[in-house]
Protein chains: 2
Amino acid sequence: MSSQLKPGTSNACNITALSLACEVNDVLRDISPRWKMQVLHKVASGTKQFSTLKHAFPSLSDQILGKRLSELVNDKLVDKIILKEKAPKSIHYMITDKGLELLKIIDDLHKWGLKYFSA
Amino acid sequence: MSSQLKPGTSNACNITALSLACEVNDVLRDISPRWKMQVLHKVASGTKQFSTLKHAFPSLSDQILGKRLSELVNDKLVDKIILKEKAPKSIHYMITDKGLELLKIIDDLHKWGLKYFSA
DNA sequence: TCAATAACTCACCCGAAAGTGAGCAAACCT
DNA sequence: AGGTTTGCTCACTTTCGGGTGAGTTATTGA
């Protein structure tokens, strides 16, 4: 999906071994990039444009946001809807069913985290 | 954590959503290290010793296995039971309730991955 | 006596991911 | 004419964590 691993390196070999061992790893790799699930959640809650997402996460740079959005689109977790092609562009992001189902599980993870949070 | 919120803005209205996203981030960080959930799964399925875990994952090095196990112990996902302190040591790892509940969610992730698995 | 075993830890390297600086297109507003 | 907005991409540097080689302790079995 998104891995640019040089074939033959031990890293690449281990990734292959991992995937063979269990497909859950592919899922974990897909959801663990920093900010990714946050952005997905924001999109799901109605924040649809690049610029508004930018404001929602002041410490997230344009570059990373762009990267995460394109990953989300590639993963089919969100759809990219182009309303106006030429600048100033107008593009909306919409969560897919696949994305919504993932968010449900992410929410379970959140609840699990809260349940065992002791401090 | 996330603070510069002006009360009354739409941002402030979404504060619950934001904190959800933030805490999930910690959970994601904890579960995403390579091999970690596999090792947890193996421990849950009755493989309790360092050496047997080693054989279960031939391409996983001692060093990483040791690191993952100590992380799992720190996270209270498994308990470390020392049966014999001095070498050759005898140590058993046992999954905790917290670990079992996490594995259930990991299994949901797995099912989600399978459902949307396309080519 | 000496290898094997169990369960590690330490020091180091390197590739991958995160983050930064700059720039671009083209319409709109002043 | 020039500044602003929108939605990015490219090239680069820095940080991080996965992976490797070597070493440790002490007991048992050949």
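The values are calculated or read from the model by the stated rules, or taken from the named source; none is laboratory data. The model shown is predicted, which means the values in this text are computed figures rather than measured ones. Because the Cβ atoms are built from the backbone with ideal geometry, glycine has one as well, and the counts that use them run over all protein chains shown. Calculation scope for accessible area: heavy atoms of the full protein, side chains included, ligands and nucleic acids excluded. Shrake-Rupley method; radii C 1.70, N 1.55, O 1.52, S 1.80 Å.
Placing unit charges on the Cβ atoms of the charged side chains and taking the dipole of region A:33-115 about its Cα centre, the candidate lying farthest along the positive direction among A:55, A:39, A:69 is A:55.
Cα centroids of region B:71-96 and region A:56-119: 38 Å apart. Shielding by partners for peptide B:99-105, expressed as the average number of C-beta atoms from other protein chains within 10 Å of each residue's C-beta, is 3. Here the spin labels are modelled as points 7 Å beyond Cα on the Cα-Cβ line, and at residue B:32 and residue A:101 they lie 2.2 nm apart.
For residue A:67, the lysines whose Cα falls under 17 Å of its own Cα, not counting residues fewer than eight places away in the same chain, are A:36, A:42, A:48, A:54, A:76, A:80. If R0 equals 45 Å, the separation of the Cβ atoms of residue A:114 and residue A:94 corresponds to a calculated FRET efficiency of about 0.95. In units of the compact-protein estimate 2.2 N^0.38 Å, region A:33-115 shows a Cα radius of gyration of 1.11. Accessible surface buried by the A/B pair amounts to about 3400 Å², both sides summed, 1.4 Å probe. Comment: the Cα-to-Cβ extended label point of residue A:46, at 7 Å, lies 5.3 nm from its counterparts in the other copies, nearest first. With its label point defined 7 Å out from Cα along the Cα-to-Cβ axis, residue A:59 lies at 3.6 nm from the matching points of the other copies, in increasing order. Counting from the shortest, the label point at residue B:85, 7 Å from Cα toward Cβ, is 7.5 nm from the same position in each remaining copy.
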